[in-house]
Ligand code: ADP
Ligand code: ZN
């Protein structure tokens with residue numbers, strides 16, 4: 001008999017189960033076990049031993065799930081490291097890593113039955129053979145459009161299929177086509193399109209001779225520097241201004257690895273946002289790319305996981321942070337694109353990991369090359385580059401003849417005084433938009449708030465509706481006619497009568513993207529305006545439609561939130577407006593300046609990416625704020641040096657590790673007592689490194705009260721030791737009966 005330590009998808013340590021030798025179970029295998037009297041789980045065998053633990057009742061592993069191990073030893077080491085570093089259980093890593101297999105807690109074994117691991121297939125769509133040539137298509141359009149001068153959905157769909165070049169024999173994956181099932185069925189019955197079920201092709205045996213872009217001189221130089229760094233086993237930080245062609249450099253690195261039969265992991269902040277990038281990659285590495293993100297169905301994600309577990313290598317995985325936990329077998333290269341992006345940090349639930357930092361460790365485990373890329377690197381990475389730990393690689397010109405945009409700081413207070421402000425726009429910005437539109441070009445307007453107004457207020461009594469579960473104001477949404485809590489999602493119908501004084505005098509305060517869209521449409525009645533934010537792009541297809549229409553010049557002005565700052569490559573944009581920079585500068589957070597610089601620079605970077613130089617208008621009442629000046633000059637280095645000096649003086653990251661304890665309780669009094677108790681225990685061990693407790697930024701959330709304790713561990717001190725001491729603290733808190741209902745979430749390297 002053998003004894004297995006089995007990790008279950010629970011916030012608990014592993015458990016021991018007996019293993020019948022006939023099951024031929026090995027480390028890394030997925031198994032079914034019974035846990036408790038009537039629960040069954042999928043677990044992963046973490047280790048095996050012949051020694052029987054000395055307690056009486058040991059349950060047996062019921063069966064093995066797959067004929068192959070689910071996890072290789074490298075993946076296991078990574079999961080373990082994440083659990084150790086972020087102070088959680090491997091079972092919690094399993095929960096994010098295996099979202100599809102992690103629900104396998106079931107009440108019967110039948111429910112847990114083996115998932116089929118058919119090679120994944122999908123539907124492909126193409127125009128019928130006769131329409132595939134340009135002349136035939138033109139003929140069709142001429143014939144049918146004369147009679148229907150209005151654009152129809154059919155014409156749109158046909159045009160988009162005709163435009164999807166680069167796919168073998170004209171067939172485009174169904175998921176890339178923005179049309180519902182009814183529309184497709186109609187076209188098929190009219191004999192205009194054909195559909196086919198095909199295996200997701202994987203041409204792994206191909207020659208590895210990919211068609212690569214020719215690099216410019218500075219790009220080639222950057223590529224060579226990256227290769228040198230890798231030869232020395234060092235991480236490369238590619239700091240390339242927006243539009244410098246970082247992707248082209250990645251493509252060269254990726255091609256080398258794939259040709260050598262090794263796997264590549266390309267992490268991106270958010271998959272829908274990078275659909276442009278993925279299309280570009282699929283065109284070059286057709287059949288090799290696998291995308292991985294939360295909008296895929298659990299089945300698809302499960303299939304991908306299983307397929308990779310048995311893959312022989314040569315895979316390009318493009319995914320969001322959780323892709324990091326896939327069981328890659330032969331990782332040769334890990335790229336973290338836009339490495340500064342906050343989406344890499346998972347804040348809830350555990351593991352509260354930062355995928356960028358995990359990627360660097362993953363590189364060590366696999367002996368893989370690592371590239372971190374950004375136009376605005378995180379200060380953490382920049383410090384590592386300054387100290388020589390990472391190789392700093394700079395690309396400070398745009399590709400081709402494109403110039404970086406001209407950045408104009410537009411003082412809102414002065415504009416008001418001079419009568420040069422229309423609603424929320426300075427005339428300076430409006431003039432720039434007019435010029436762009438007159439030239440047949442486009443404009444982007446950035447406002448970092450969705451909805452119509454962040455709050456509404458009664459002009460008679462001053463009352464503002466708040467969320468009943470959180471202490472924040474409700475945001476007015478006009479499209480849905482509702483008031484929404486942006487923290488917990490609670491919503492209620494919009495009201496015109498004040499619930500407090502019953503006068504009909506509620507008025508919107510401040511402005512979000514909906515209001516910008518409304519006002520700009522009024523100011524430019526001829527312009528076609530679209531909006532890209534969390535409300536309009538909730539589905540992948542609506543997102544793709546908005547982006548494509550803007551890309552093809554069917555819309556003129558695109559209003560949006562921080563989504564706009566995430567790597568889009570739009571050719572026609574010559575004006576970018578940042579509507580309220582003050583907002584970004586005034587967040588009470590030690591990263592505020594860094595974040596503001598990054599967001600503004602990234603959004604600005606969408607302007608003038610082709611021949612015509614772009615213009616960025618930054619509206620602010622703080623024109624002399626250092627960050628505004630640094631953005632205007634495009635001076636990343638100045639921002640970094642000022643910020644780093646400050647962070648060092650106050651002992652903030654990257655000169656320390658910040659561990660945040662979020663304490664939660666349904667009762668305010670008991671929370672206060674619990675927090676004082678925990679902070680006291682911590683002070684005994686950590687002294688003045690402990691700050692707080694203080695009320696959390698959102699003090700009441702979903703009906704719970706919340707407070708925070710911060711722990712600053714200076715660089716150079718042992719994090720290992722700090723973590724162990726903190727574990728003791730948590731144990732003491734858990735064992736104290738008086739604070740039984742106190743919940744503590746630990747966030748290592750908190751944001
Ligand atoms: P970044 O990611 O650095 O902002 P991109 O990789 O999106 O920049 O490149 C900006 C634009 O320049 C893209 O349209 C890209 O196709 C083009 N480009 C950059 N380098 C090359 C190259 N070597 N050959 C062809 N096109 C390039
Ligand atoms: Zn709420």
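The values are calculated or read from the model by the stated rules, or taken from the named source; none is laboratory data. Note that the structure is predicted; figures quoted are calculated from it, not measured. Note that each Cβ is placed from the backbone with ideal geometry, even for glycine, and that neighbours are counted across all protein chains shown.
For region 209-223, the count of residues that are more than 16 Å from ligand 2 (Cβ to nearest atom), closer than 27 Å to residue 75 by Cα, in contact (Cβ under 8 Å) with a residue 40 or more places away in the chain and outside the structural domain of residue 381 (by TED's automatic domain parsing) is zero.
When residue 161 is tested against (1) modelled with pLDDT of 75 or more; (2) surrounded by 15 or more Cβ atoms within 10 Å (Cβ to Cβ), only condition (1) is not met. Restricted to region 471-500, and to residues that are more than 24 Å from the chain's Cα centre (by Cα) and buried (at least 22 other Cβ atoms within 10 Å of the Cβ), which residue is nearest to ligand 2 (Cβ to nearest atom)? So the residue we want is 474.
Here is a check on your reading of the model: is residue 617 closer than 22 Å to residue 272 by Cβ, assigned by TED's automatic domain parsing to the domain that holds residue 533 and touching a helix residue (DSSP H, G or I) at 6+ places or on another chain (Cβ under 6 Å)? So residue 617 fails the test. Taking region 269-383 as the region of interest, the strands (runs of 3 or more DSSP E) fully inside it that hold 2 or more residues being buried (at least 21 other Cβ atoms within 10 Å of the Cβ) and within 16 Å of ligand 1 (Cβ to nearest atom) are 331-337, 369-374.
Only a single item in (1) within 22 Å of residue 424 (Cα to Cα); (2) within 16 Å of ligand 2 (Cβ to nearest atom); (3) surrounded by 21 or more Cβ atoms within 10 Å (Cβ to Cβ) is not met by residue 455, and it is number (3). If the condition is being in contact with a helix residue (DSSP H, G or I) (Cβ under 7 Å, 6 or more places away or on another chain) and modelled with pLDDT under 90, then region 34-56 contributes 40, 42. Residue selection: residue 87 satisfies the criterion of being surrounded by 15 or more Cβ atoms within 10 Å (Cβ to Cβ), at pLDDT 65 or above, in contact with a strand residue (DSSP E or B) (Cβ under 7 Å, 6 or more places away or on another chain) and not in a helix (DSSP H, G or I). Of all residues in region 234-256, those being more than 9 Å from ligand 1 (Cβ to nearest atom) and in a loop (DSSP other than H, G, I, E, B) number 2. In the condition set (1) crowded, with 17+ Cβ neighbours inside 10 Å; (2) in contact with a strand residue (DSSP E or B) (Cβ under 6 Å, 6 or more places away or on another chain), residue 643 is compliant with all but (2).
Checking each residue of region 308-316 against the condition of being under 21 Å from residue 246 (Cα atoms) and in contact with a helix residue (DSSP H, G or I) (Cβ under 8 Å, 6 or more places away or on another chain) gives at least one match. Which of the residues belonging to region 677-689 are surrounded by 15 or more Cβ atoms within 10 Å (Cβ to Cβ) and either touching a strand residue (DSSP E or B) at 6+ places or on another chain (Cβ under 8 Å) or free of Cβ contacts under 8 Å to residues at least 40 places away in the same chain (or both)? Those that are surrounded by 15 or more Cβ atoms within 10 Å (Cβ to Cβ) and either touching a strand residue (DSSP E or B) at 6+ places or on another chain (Cβ under 8 Å) or free of Cβ contacts under 8 Å to residues at least 40 places away in the same chain (or both): 678, 679, 682, 686, 689.
The set of residues in region 202-218 being within 16 Å of ligand 1 (Cβ to nearest atom) and either closer than 14 Å to residue 261 by Cα or modelled with pLDDT under 70 (or both) consists of 210 alone. Collect the residues in region 501-519 that are part of a loop (DSSP other than H, G, I, E, B) and surrounded by fewer than 16 Cβ atoms within 10 Å (Cβ to Cβ), keeping them in residue-number order. Once the filter is applied, which keeps residues that are part of a loop (DSSP other than H, G, I, E, B) and surrounded by fewer than 16 Cβ atoms within 10 Å (Cβ to Cβ), region 501-519 yields 501, 502, 503, 504, 505. Among residues that are farther than 19 Å from residue 329 by Cβ, outside the structural domain of residue 537 (by TED's automatic domain parsing), modelled with pLDDT of 90 or more and more than 16 Å from ligand 2 (Cβ to nearest atom), residue 272 is not included. Is it the case that some residue within region 528-548 is surrounded by 14 or more Cβ atoms within 10 Å (Cβ to Cβ), within 16 Å of ligand 1 (Cβ to nearest atom) and in the same structural domain as residue 580 (by TED's automatic domain parsing)? The answer is yes, given that some residue of region 528-548 is surrounded by 14 or more Cβ atoms within 10 Å (Cβ to Cβ), within 16 Å of ligand 1 (Cβ to nearest atom) and in the same structural domain as residue 580 (by TED's automatic domain parsing). Being buried (at least 24 other Cβ atoms within 10 Å of the Cβ), modelled with pLDDT of 95 or more and closer than 15 Å to residue 512 by Cβ is a condition met by no residue of region 433-442.
Count of region 1-33 residues, restricted to those that are assigned to a strand (DSSP E or B) and at pLDDT below 90, is 1.
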